[in-house]
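The values are calculated or read from the model by the stated rules, or taken from the named source; none is laboratory data. A quick note: this is a predicted structure, and the numbers were derived from the prediction, not measured. Glycine also receives a Cβ, built like all others from the backbone with ideal geometry; neighbour counts cover every protein chain displayed.
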Amino acid sequence: MAKERVFSGVQPTGNIHLGNYLGALKQFVELQDEAECLYCVVDMHAITVPQDPKELREHVLDVASLYMAVGLDPKKAILFVQSEVSGHAELGWILNCSSYTGELSRMTQFKAKNKGRESAPTGLFTYPVLMAADILLYDTNVVPVGNDQKQHIELCRDLALRVNHRFPDTFVVPEGRFMKSGARIMSLDDPTSKMSKSAENIHSRISLLDTDAKIKKSIMRATTDSDMTIRFDPENKPGVSNLLTIYSALSGMSIPEVEAKFDGAGYGDLKKSLVTVTQEALTPIRDRFDQIRHSSELDDILDDGAARARALAEPVLDRVKEHFGIGRLK
Ligand code: ATP
Ligand code: LTN
């Protein structure tokens, strides 16, 4: 049987944090041995909000290097930059013509990002359609992502089914894949919102490239509560539960095992131990990142990735255009 096709993307909008790592990148690495994987740096998604051009270019290379630093092997997975495969934009337009403003205005991420504004950039509004194009362009079966992307995956499936209803066998209908532990890592200073690259307070997140001192500071000041018992209860104890989730995901211990380990201990003990676990997990990633980021191979790997991605995208785009009646038949 042919291997399953896997596709996912990360935006080059800042340093990748523990949420991105535990919700998404860890799955990317797990899947590279069992499936045909494409992992993309989605720079065209990044420009849905204003970006400094110089910084954007740097961040593209940062994310590509982090992909490898966390364990992705360019011999196993295709690593590439979205804007270097023009099929994403082409299919994005075609899918825009099959989607409705009503369904896009229900996207919670759009509503959150556009809060308080009267008018929104059109790209921000149609962002989920471009994401659907990313996925459908490769006949993808599985999309490993964090929980926050569930609604976007549903939209992608709806679009694929809608087009297939009109033009049978145009798209493969993909499924999302979510981690059991780590699918939604919360902010350290406000455990009711997700850990995010864009939050103002740098201590709300731990970036994969943070120094040991920064890791310590951010964890030691993380919000907990006044009840003092270490118990996994996301509803009533979101701060402590988030620390337990991170502990579990980084150490490989189950949540009950972590709870048992800290039975009778104080929040300070949990935090100190979490500092060590986090530093031990991130040090090798940081070291590998430093080697890869300025190596001469990085460009070659991304050139090769883009060429391989283009070769996979071409027959799919030809099929879509044929079904829609776009262009002259080849
Ligand atoms: P921002 O954090 O600024 O809102 P983002 O991190 O959501 O941006 P991406 O870089 O595109 O945007 O996300 C990459 C992957 O990380 C996605 O699969 C997303 O679902 C996942 N992810 C993002 N934040 C978290 C989180 N707090 N917990 C778990 N997974 C997350
Ligand atoms: N919207 C995603 C990033 C993304 C993506 C994709 C993820 C863009 N295209 C295709 C999976 C598949 C986010 O995490 N913000």
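List of remarks:
- The C-beta contact set for the stretch 197-219 (first residue in contact (Cβ under 8 Å) with a residue 60 or more places away in the chain, second residue part of a helix (DSSP H, G or I) and of a type in the set (Ser, Thr, Tyr), distance under 7 angstrom, 6+ apart or interchain) comprises 206/218; 206/278; 208/21; 215/278.
- Some residue of the stretch 110-120 being modelled with pLDDT under 95 and hydroxyl-bearing (Ser, Thr, Tyr): yes
- The stretch 307-317: number of residues that are surrounded by 15 or more Cβ atoms within 10 Å (Cβ to Cβ) and free of Cβ contacts under 8 Å to residues at least 40 places away in the same chain: 0
- Every pair of residues 6+ apart whose Cβ atoms lie under 8 Å, when the first sits in the stretch 23-47 and is more than 18 Å from residue 92 (Cα to Cα) and free of Cβ contacts under 8 Å to residues at least 60 places away in the same chain while the second is part of a loop (DSSP other than H, G, I, E, B) and within 9 Å of ligand 1 (Cβ to nearest atom): 25/16
- Residues of the stretch 5-15 classified as out of contact with any His (no Cβ under 9 Å at 6 or more places or on another chain) and away from ligand 2 (no atom under 11 Å from the Cβ), total: 1
- Residue within the stretch 283-298 that is free of Cβ contacts under 8 Å to residues at least 60 places away in the same chain, within 29 Å of residue 89 (Cβ to Cβ) and not β-branched (Val, Ile, Thr) present: yes
- Residue pairs whose Cβ atoms lie under 9 Å apart, sitting 6 or more positions apart in sequence or on different chains, and linking a residue in the stretch 53-65 that is without any contact (Cβ under 8 Å) to a residue 24 or more places away in the chain and assigned to a helix (DSSP H, G or I) to a partner that is of a type in the set (D, E, K, R) and within 16 Å of ligand 2 (Cβ to nearest atom), are 57/43.
Matching residues to (1) without any contact (Cβ under 8 Å) to a residue 60 or more places away in the chain; (2) surrounded by 16 or more Cβ atoms within 10 Å (Cβ to Cβ):
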residue: 120; (1), (2): yes, no
residue: 128; (1), (2): yes, yes
residue: 133; (1), (2): yes, yes
residue: 142; (1), (2): no, yes
residue: 145; (1), (2): no, yes
residue: 152; (1), (2): yes, yes
residue: 156; (1), (2): yes, yes
residue: 159; (1), (2): no, yes
residue: 163; (1), (2): no, yes
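- Here residue 176 passes the criteria (1) of a type outside the set (Asp, Glu); (2) at pLDDT 95 or above; (3) in a loop (DSSP other than H, G, I, E, B) except the one numbered (3).
- For the stretch 109-125, taking the residues that are of a type outside the set (Phe, Trp, Tyr) and within 12 Å of ligand 2 (Cβ to nearest atom), the one that is nearest to residue 35 (Cα to Cα) is identified as 109.
- Scanning the stretch 75-94 for residues that are surrounded by 19 or more Cβ atoms within 10 Å (Cβ to Cβ) and either in contact with a Ser or Thr (Cβ under 9 Å, 6 or more places away or on another chain) or part of a loop (DSSP other than H, G, I, E, B) (or both) returns 77, 85, 92.
- Residues (acidic (Asp, Glu), farther than 22 Å from residue 194 by Cβ and in contact (Cβ under 8 Å) with a residue 12 or more places away in the chain) located in the stretch 223-273: 259, 263
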